[in-house]
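Trainee: The following block contains the structure, expressed as structure tokens.
The values are calculated or read from the model by the stated rules, or taken from the named source; none is laboratory data. It should be emphasised that the depicted structure is a prediction, and the values quoted were computed from it without experimental measurement. We place every Cβ from the backbone using ideal geometry, glycine too, and count neighbours over all the protein chains shown.
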Amino acid sequence: MNANARLIETLYEALSRRDASRMAACYHPEVEFSDQVFPRLRGAEVPAMWKMLCERGTDLRIEWNGVEADAESGRAHLEAWYTFGASGRKVHNRIDAEFRFQDGRIIRQRDQFSFWRWSRQALGPPGWLLGWSPALRRRVRAQAAVGLARFLRTGAG
């Protein structure tokens, strides 16, 4: 296994232990992260997001496989089980991640998952009915952004 594949393994091992500090060490200071809920995080926002999610996700369980990497890029598949805090509903999210590396760290991470599948589980009936809609996606993104901003403002991030 090359160094970048080990870096992905380290990231997910730290996530499985909810060790946000170890996760932060995997990221380049100028990292860019995106997924369907947090579409444009940069720099210090990325480790802060993971710290927030690790602190809140007390029942988080993950499994990963398919880790592949070369000198420039990598990919992995992640499955996460947790309780979504806003609704108290159980979620099983299936994520395909793509990575870019620079200076021995992750400089870009793009996580892809089905927002509609996620919203059906996390939000219940509203997710079933509107999970496909851009309006619901915007609302979820806005709430997530407010939560992260509040987390950063309180000094927790």
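Trainee: Condition first: modelled with pLDDT of 95 or more, farther than 30 Å from Pro134 by Cβ and surrounded by fewer than 20 Cβ atoms within 10 Å (Cβ to Cβ). Can you find one or more residues in region 28-51 that meet it?
Mentor: Yes, region 28-51 contains at least one residue that is modelled with pLDDT of 95 or more, farther than 30 Å from Pro134 by Cβ and surrounded by fewer than 20 Cβ atoms within 10 Å (Cβ to Cβ).
Trainee: Then there's this: Out of the residues in region 81-111 that are within 17 Å of the chain's Cα centre (by Cα) and in a loop (DSSP other than H, G, I, E, B), which is modelled with the lowest pLDDT?
Mentor: Ala86
Residue by residue, here is whether (1) in contact with a helix residue (DSSP H, G or I) (Cβ under 6 Å, 6 or more places away or on another chain); (2) β-branched (Val, Ile, Thr); (3) within 18 Å of Glu9 (Cα to Cα) holds:
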{"site": "Glu68", "(1), (2), (3)": "no, no, yes"}
{"site": "Phe84", "(1), (2), (3)": "yes, no, no"}
{"site": "Gly88", "(1), (2), (3)": "no, no, no"}
{"site": "Phe101", "(1), (2), (3)": "yes, no, yes"}
{"site": "Ile107", "(1), (2), (3)": "no, yes, yes"}
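Trainee: Pairs under 6 Å by beta carbon, first residue touching a residue at least 24 places away in the same chain (Cβ under 8 Å) in region 7-21, partner buried (at least 16 other Cβ atoms within 10 Å of the Cβ) and part of a loop (DSSP other than H, G, I, E, B), six or more apart or different chains?
Mentor: Listed pairs, sorted by first residue: Leu7/Cys26; Leu11/Cys26.
One line per residue, one yes/no per condition, for (1) under 29 Å from Gly124 (Cβ atoms); (2) part of a loop (DSSP other than H, G, I, E, B):
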position	(1), (2)
Pro39	yes, yes
Met49	yes, no
Met52	yes, no
Ile62	yes, no
Glu68	no, no
Arg75	no, no
Glu79	yes, no
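Trainee: Go through region 112-125 and count every residue that is buried (at least 16 other Cβ atoms within 10 Å of the Cβ) and either more than 16 Å from the chain's Cα centre (by Cα) or assigned to a helix (DSSP H, G or I) (or both).
Mentor: The number of residues fulfilling the criteria is 8.
Trainee: Answer with yes or no whether Leu136 is more than 19 Å from Trp50 (Cβ to Cβ) and surrounded by 14 or more Cβ atoms within 10 Å (Cβ to Cβ).
Mentor: So Leu136 passes the test.
Trainee: Looking at Arg141 and the list (1) farther than 22 Å from Cys54 by Cβ; (2) in contact with a Pro (Cβ under 8 Å, 6 or more places away or on another chain); (3) not hydrophobic (A, V, I, L, M, F, W, C), which single condition is not satisfied?
Mentor: (1)
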